[in-house]
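S.K.: Pasting a structure here, questions to come.
The values are calculated or read from the model by the stated rules, or taken from the named source; none is laboratory data. These numbers come from a predicted model, not from an experiment. As a convention, Cβ positions derive from the backbone with ideal geometry for all residues, glycine included, and neighbour counts pool all protein chains shown. Accessible surface areas use protein heavy atoms only, side chains included; no ligands, DNA or RNA. Shrake-Rupley method; radii C 1.70, N 1.55, O 1.52, S 1.80 Å.
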Amino acid sequence: MTTATAEQHRVVIIGAGFGGIAASIKLAEQGVEHVILEKLDDVGGTWLSNTYPGCRCDVPSHLYSLSFALNPDWSDSFSLQPEIWRYLRKVADDFGVVDRVRFGCKVDAARWDDTARRWVLETSQGVLTCNVLIAAHGFLSEPSVPHFEGIETFTGQVMHSAQWDPSYDVTGKRVAVIGTGASAVQIVPRVHEQADHLVVFQRTAAWILPHRGRPINDWERALYRRVPATQRAVRAFHYWSSEFLAVPALVDPQRRGRLLKKVALKHLHDQVKDPELRAKLTPTFTPGCKRLTPSNEYLPAIASPQTTLVTSGIDRVVPNGIVTKDGATHEVDVIILATGFRVTDNTFPELVTGRDGRTMREVWDGDGMGAYNGTTFALFPNFFMLAGPNTGIGHTSLVYMIEAQLPYLLQAVQLMAERGIDVLEVRPDVQARYNEMIQRKVASTVWNTGGCQSWYLDKFGHNSTIWPDYTFKFARRLRRFDIESYYQRLREDDRVAGLAAV
Ligand code: NAP
């Protein structure tokens with residue numbers, strides 16, 4: 001099929017999670033024709049895929065939602081996954097988003113056609129083209145599945161946390177959990193309740209903070225329903241308190257990060273009485289270097305006689321269990337891989353081919369992963385990414401960052417229509433200066449200097465994931481679309497604004 005005969009759209013959004021749903025609502029409000037391509041069979045993105053026991057959000061519910069679609073009915077101050085997914089599904093229904101989603105449609109390739117001035121997408125449901133492409137595929141969507149020697153010989157079940165098999169019952173089983181990140185910290189207490197024996201394989205101890213979660217009372221819900229301003233006030237409280245308490249500690253860990261360590265050490269001391277176990281559970285890096293993990297149940301589950309904490313490193317998997325480097329065999333019926341996601345090395349950039357014929361991966365292999373304002377990319381015209389490079393945060397809601405990007409991309413789409421612009425592409429010098437600024441700021445933060453290995457850094461130690469400042473500063477930057485930072489090609493003729501030859 002040629003580009004000319006393929007199905008044509010003004011805008012295509014890839015992914016129907018928080019980003020895709022929010023973008024679709026705002027585009028529809030502006031009357032912009034678009035379609036959403038979603039590889040799964042429902043909306044929700046990460047909140048559809050992650051169904052492991054105990055899965056919940058460690059950002060307060062009132063903050064972890066769209067500002068224009070607050071949910072007065074949250075049942076807990078930190079919601080569980082099913083409730084977040086139901087919220088997203090309801091928003092998608094209420095705003096008519098579901099009708100615009102093509103489910104089960106996987107994008108295999110996206111290529112910029114510079115002659116047609118369109119993106120050409122090869123999908124599992126055929127070829128389609130669009131003038132503007134929005135990638136809302138999420139950066140925590142590709143499970144990282146490490147290869148352990150002999151894993152194929154294991155006779156039990158192996159499950160990644162993000163690919164949970166709901167039909168598998170861990171009751172009475174001997175269970176291995178590999179990993180001690182945010183997912184494991186939520187899985188371990190729930191599995192511990194049901195399993196006969198639990199073996200947790202820890203490569204790096206995690207800083208565990210006290211959890212402040214509590215059920216939300218009926219009267220509070222009634223109040224939020226009747227007086228929405230009260231919920232807005234609670235949301236604002238959560239937002240501003242996490243900005244002003246957490247950001248200084250994270251960006252300036254030497255001077256202002258000590259309190260976090262004190263709180264986490266006291267929590268560990270209160271919950272784990274055995275000094276030997278406590279020593280194994282005491283991290284050696286600065287708190288915040290990896291995502292802070294709040295839990296009141298994780299450490300007691302680890303300290304329980306039904307649990308073995310293994311720190312000697314995995315050597316290989318055998319048919320009946322896991323052999324560690326000290327030669328011990330841990331017999332288990334199921335292995336749960338809470339081993340995280342491919343973030344800086346995921347496959348999405350391999351699918352996207354820009355104006356000069358190189359994929360985004362090839363460009364990033366040369367220049368490093370980066371974007372302008374976390375949203376647009378030199379050499380990739382009319383392409384916007386939600387939750388793109390250096391929009392990640394460790395202390396507040398990613399939904400806030402996604403919403404901060406929306407006015408930027410909506411103004412771009414609007415300006416294109418108003419001024420007859422066919423092609424917009426950020427200038428490489430603008431993008432380079434922006435990334436220099438980001439790298440200068442991130443260099444002294446806890447994510448770069450805290451002495452840990454995390455998904456925030458790529459294999460070269462380059463931080464292309466974190467926004468290293470207050471999040472309201474990100475929102476302020478993206479309030480206006482700075483068209484002067486972009487090359488423009490007009491629809492009517494081939495005049496090029498700001499560029500000799502694109
Ligand atoms: P993660 O933080 O990347 O943790 C992965 C864990 O697996 C680490 O403990 C890691 O050890 C271990 N691991 C990886 N490969 C291993 C190997 N080959 N052998 C032994 N151990 C190995 O992943 P995650 O827990 O899935 O969390 C990822 C992100 O998802 C979080 O940072 C957060 O942004 C998000 N998340 C959020 C929530 C929430 O409440 N909002 C909940 C879950 C996840 P090392 O530490 O030694 O590398």
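S.K.: If you plug each phi of segment 284-295 into the Karplus form 6.51 cos²θ - 1.76 cosθ + 1.60 with θ = phi - 60°, what whole-Hz ³J(HN,Hα) values come out, in order, with x for Gly and Pro?
M.R.: Result, rounded to whole Hz: 9, 9, 6, x, x, 4, 9, 4, 5, 10, x, 6.
S.K.: At 1.4 Å probe size, with every protein chain present, just tell me what the per residue accessible area of the chain comes to in Å².
M.R.: Values: 21330 Å² over 502 residues.
Normalised by residue count, the accessible surface of the chain is 42 Å².
S.K.: Now for a separate question. Convert each backbone phi in segment 58-65 into a coupling constant with the Karplus relation 6.51 cos²θ - 1.76 cosθ + 1.60 (shift: θ = phi - 60°), then list the ³J(HN,Hα) values in order as whole Hz, x for Gly and Pro.
M.R.: Each residue of segment 58-65 in turn: 9, 10, x, 3, 5, 8, 8, 7 Hz.
S.K.: Here is a further query. In segment 1-119, what percent of the accessible surface is made up of carbon and sulfur (1.4 Å probe, ligands and nucleic acids excluded)? Show your work: numbers first, answer last.
M.R.: Values: 2300 of 4410 Å².
That fraction is 52 percent.
S.K.: Rounded to whole Å and ordered largest first, report the semi-axes of the equivalent ellipsoid of segment 231-279 derived from its Cα gyration tensor (root of 5λ). List each step's numbers first, then the result.
M.R.: Details: eigenvalues 169, 53, 6 Å².
Computed over segment 231-279, the values are 29, 16, 6 Å.
S.K.: Compute the acute angle (0 to 90°) between the alpha-carbon long axis of helix 18-29 and the principal axis of greatest extent of the alpha-carbon atoms of the chain; round to the nearest 10°.
M.R.: 30 degrees
S.K.: How large a share of the accessible area of segment 367-445, in percent, is made up of carbon and sulfur atoms when the probe is 1.4 Å and the other protein chains stay in place? Before the final figure, lay out the partial values.
M.R.: Details: 1180 of 2230 Å².
On segment 367-445, the fraction of accessible area on carbon and sulfur atoms equals 53 percent.
S.K.: When only the heavy atoms of the protein chains count and the probe is 1.4 Å, how do 403, 425, 331 rank by accessible area, highest first? Show your work: numbers first, answer last.
M.R.: Numbers: 403 35, 425 5, 331 95 Å².
Order by accessible area, largest first: 331, 403, 425.
S.K.: Let me ask something additional. Below 25 Å, Cα to Cα, which lysines can residue 90 reach? Residues fewer than 8 away in the same chain don't count.
M.R.: Cross-link targets: 26, 39, 106.
S.K.: On to the next question. Over the Cα atoms of the chain, compute the convex hull volume and normalise it per residue, giving Å³.
M.R.: On the way: hull volume 77.9 nm³, N = 502.
Spelled out: Cα convex hull of the chain, divided by residues, is 155 Å³.
S.K.: Using DSSP, restrict attention to beta bridges with both residues in the chain and report what percent are antiparallel, rounded to the nearest 5. Write down the numbers at each step before the final one.
M.R.: Values: 32 of 71 bridges.
Expressed as a percentage, antiparallel bridges in the chain total about 45.
S.K.: Using a 4.7 Å Cβ cut-off, which Cys residues in the chain lack a partner cysteine?
M.R.: Unpaired cysteines in the chain: 55, 57, 105, 130.
S.K.: Next question, about the same structure. So how exposed is residue 77, as accessible area in Å² (1.4 Å probe, rounded to 10)?
M.R.: Only protein atoms counted, so the area is about 20 Å².
S.K.: So, in nm, how far is label residue 145 from label residue 223 when the simple model puts each one 7 Å beyond its Cα toward the Cβ?
M.R.: Reported label-point gap for residue 145 and residue 223 is 4.8 nm.
S.K.: Which three extents, in whole angstrom, do the alpha-carbon atoms of segment 110-214 cover along their principal axes, largest first?
M.R.: 62, 41, 27
S.K.: Based only on the alpha carbon positions, what is the Kirkwood hydrodynamic radius of segment 1-153, in angstrom? Please list the in-between numbers first.
M.R.: Working: mean 1/r = 0.0591 Å⁻¹.
Answer for segment 1-153: a Kirkwood hydrodynamic radius of 16.9 Å.
S.K.: With no solvent and one equal point scatterer per Cα, compute the Debye intensity ratio I(q)/I(0) for segment 187-330 at 0.13 Å⁻¹ and report its log10, rounded to two decimals.
M.R.: -0.76
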